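Visitor: The structure follows.
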Amino acid sequence: MHFSSVLSPSNCSLVKRSHQNQLEKLSFTPLKNLRFCGLRNEILAFEFLKLNRCETQRVRNFRRSKIVVSASVAENGSAPTSFDYDLVIIGAGVGGHGAALHAVETGLKTAIIEGDVIGGTCVNRGCVPSKALLAVSGRMRELKNEHHLKALGIQVSGAGYDRQAVADHANNLASKIRNNLTNSLKALGVDILTGVGTITGPQRVKYGKVGFSGSEVTARDIIIATGSVPFVPRGIEVDGKTVITSDHALKLEFVPEWIAIVGSGYIGLEFSDVYTALGSEVTFIEALDQLMPGFDPEISKLAQRILVNPRKIDYHTGVFATKITPAKDGRPVVIELTDAKTKEVKDTLEVDAALIATGRAPFTNGLGLENINVLTQRGFIPVDERMRVVDADGNLVPHLYCIGDANGKMMLAHAASAQGISVVEQISGRDHVLNHLSIPAACFTHPEISMVGLTEPQAREKAEKEGFEISIAKTSFKANTKALAENEGEGLAKLIYRPDNGEILGVHIFGMHAADLIHEASNAIALRTSVQDIKFAVHAHPTLSEVLDELFKSAKVTSHVHRPLSESVVV
């Protein structure tokens, strides 16, 4: 979905009508056609920005000197009647960054508060450095797979790696992207306020170092985008050396001979790919009865056959790691396994290291939510479908929004960015509700896994409740010319749809470049394109995109009459 907007008197509800004539006199060319992706095109075309900066600044100066907005009075204090900023964003991760750039594009005077580093978890301790490590693991797998290379006529011997150089590659990539994001904010005129942000009252935010008085700013609207931190269950002692979280693992300070990974979701799977490629043996510890419980069951089964069974990986399912003690004085890491059903201690493992990959917890402490009568739910800030914060009494808090991991709707960096853009659209006077079922997800193993929409069990449950039928279509990578040319025929694409009207309910892909292929399906769901319409799209030959082409063409819609799709489901 492409978002573009223009600041003009006709669509800008932020400027009082009495000032519209002055705005009309400005020769203003908006910053438009900026595409939105996970990092909002972090390397910007600075020559383009230079051409527009002067005109944009004229609008900002006008807004700074003239804008006066009335605000409601809350029980815990009066809201200001004039503001330092149109928008203040607490948190400069991918979500906050995406919101800030879109806010500037719509002409809002914007500030972003960051108490750590620009880029948040994704850039510094998540998506970005992990992809650097996975790039290395992918190359190592290729170079070590003699059978695969021989089939292509390639001979390679003695593949190895330099651990510190690999770690440096991940760190350097994070630094580069972080600098690009910082420069893009500065170039567009976003004020970067350093410190921890705390809401002190309606439309008021204090920022500064913890323990110091700090400074207070006012804003017509506030977005909370503080993200999340690794979740560590009780009984697990993290020392950052032998018992680690993903934050520590990305530094790759050592490669253990045997590492236990607690959790087999996205994080656990990706690190198993890295560690096994670098020579480690891996043991998964999963609380549920099967590995990869969050994926479509059919995809999980295939992924286990290819990503787990042939590799130096074993696993324990249906057990909790109730106690983990770090290695010390020559003793190994000790893990106590407890049966998830009987709650009895079942076994004990001794390993060289343990990675805790049990998900993430919202980072919402210290935000001053008590000052505006907001109670978190398991740490998450409650919001409605428009990301508006809901207080303890069930009422909307005026001018306050929360996006990203902090609200718990969908804990993905690009989801946070999409939510931020949606919020900016709303506060700019254009109502927008994000359909979370159109947001794709990917696991960057080798091969990759990707998905969008509902899994098959979720779709069947929905169909039973709402009284419609579902159908399944599948295609194999073994039938794709490009995949066969790469000798990468292992893979499956799966479509879940309604045969009565062609509505796409979910698409799941396991195979080469699955993370790139999923977006055609994601956009189809977002734009509510039916199977009978998308099957006429043309795909270049020979490309991997033809996997999706064949998938859509294989779907059988019972009615040839176009029937409107159901309304988008909001998560």
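Visitor: Hey, if you put +1 on the Cβ of every Lys and Arg and -1 on every Asp and Glu Cβ in the range 264-399, which of Ala361, Leu291, Val274 ends up farthest toward the positive end of that dipole?
Guide: Positive-end residue among those listed: Val274.
Visitor: Another question, then. With the other protein chains left in place, how much accessible area per residue, in square angstrom, belongs to the range 108-209 at a 1.4 angstrom probe?
Guide: Result: 47 Å² of accessible area for each residue.
Visitor: A further question follows. In square angstrom, what is the accessible area per residue of the range 417-553 with a 1.4 angstrom probe?
Guide: Counting only protein heavy atoms, the per-residue value for the range 417-553 is 38 Å².
Visitor: Taking every DSSP beta bridge with both residues inside the range 85-212, roughly what % is antiparallel (nearest 5)?
Guide: 35
Visitor: Straight-line reach from Lys131: which lysines fall under 21 Å, measuring Cα to Cα and dropping same-chain residues less than 8 apart?
Guide: Of all the lysines, those that pass the test against Lys131 - Cα under 21 Å, at least 8 places apart if same chain - are Lys144, Lys176, Lys251.
Visitor: Provide the packing ranking of 81-93, 459-471, 496-508, i.e. peptides ordered by the mean count of other C-beta atoms within 10 Å per residue, highest first.
Guide: The densest-packed peptide leads the list: 81-93, 496-508, 459-471.
Visitor: Let me ask something additional. Could you tell me the relative contact order of the range 108-249? Use alpha-carbon pairs under 8 Å, at least six residues apart, and round to a whole percent.
Guide: 28
Visitor: Rounded, prolate or oblate: which fits the range 410-455 when a ≥ b ≥ c are the square roots of the eigenvalues of the alpha-carbon gyration tensor, with rounded for a/c under 1.5 and prolate only if a/b beats b/c?
Guide: Verdict is prolate for the range 410-455.
Visitor: Something else about it: Give the accessible surface of the range 291-402 per residue, rounded to a whole number of Å², with probe radius 1.4 Å and ligands, DNA and RNA excluded.
Guide: 51
Visitor: Which of the aspartates and glutamates could a cross-linker bridge to Lys323, judged by Cα under 18 Å and excluding same-chain residues fewer than eight apart?
Guide: Reachable aspartates and glutamates: Glu237, Asp239, Glu286, Glu336, Asp339, Glu344, Asp347, Glu350, Asp352.
Visitor: Need one word for the range 252-368: rounded, prolate or oblate. Basis is the Cα gyration tensor (sqrt eigenvalues a ≥ b ≥ c); a/c below 1.5 gives rounded, then a/b vs b/c decides.
Guide: rounded
Visitor: What does the highest-first list of 148-158, 432-442, 109-119 look like by mean Cβ count within 10 Å?
Guide: Ranked by mean Cβ neighbours within 10 Å, highest first: 109-119, 432-442, 148-158.
Visitor: In addition: Which length gain, in nm to one decimal place, applies between Asn145 and Glu257 when the Cα-Cα distance is subtracted from 0.36 nm times their residue separation?
Guide: That works out to 38.3 nm of additional length.
Visitor: Roughly how many percent of the accessible protein surface of the range 175-234 is carbon and sulfur, given a 1.4 Å probe and a whole-percent answer?
Guide: 52
Visitor: Moving to a separate point now. Using label points projected 7 Å from each Cα along Cα→Cβ, tell me how many nm separate Glu344 and Thr481, to one decimal.
Guide: 6.1
Visitor: At a threshold of 8 angstrom on Cα-Cα distance, excluding pairs fewer than six apart, so keeping six or more, what relative contact order does the range 256-374 reach in percent?
Guide: Taking the mean separation of contacting Cα pairs over the length of the range 256-374, I get 28 percent.
Visitor: Next question, about the same structure. Got the relative contact order for the range 384-477 handy, in percent, Cα pairs under 8 Å and 6 or more residues apart?
Guide: Reported as a whole number, the value is 16 percent.
Visitor: Which percent of the accessible area of the range 313-464 is formed by carbon and sulfur heavy atoms (probe 1.4 angstrom)?
Guide: Ligands and nucleic acids excluded, carbon and sulfur give 48 percent.
Visitor: From the Cα gyration tensor of the range 263-304, with a ≥ b ≥ c the square roots of its eigenvalues, which class applies: rounded if a/c is under 1.5, or else prolate if a/b is larger than b/c, or else oblate?
Guide: prolate
Visitor: Among the lysines, select those whose C-alpha is under 21 Å from the C-alpha of Lys109, and discard any that sit fewer than 8 residues away in the same chain.
Guide: Counting by Cα, and skipping residues close in sequence, Lys109 has these lysines nearby: Lys16, Lys25, Lys32, Lys50, Lys66, Lys186, Lys206.
Visitor: While we're looking at this one, here's another question. Would you work out which of Gly208, Pro233, Ala170 lies farthest towards the positive end of the dipole of the range 159-246? Charges go on Cβ: Lys and Arg +1, Asp and Glu -1.
Guide: Gly208
The values are calculated or read from the model by the stated rules, or taken from the named source; none is laboratory data. Note that this is a predicted model, so its numbers are computed, not measured. Ideal geometry is used to build each Cβ from the backbone, glycine not excepted, and the neighbour counts take in all protein chains shown. For the accessible areas, the whole protein counts, side chains as well, though only heavy atoms, and no ligand, DNA or RNA atoms are used. Shrake-Rupley method; radii C 1.70, N 1.55, O 1.52, S 1.80 Å.
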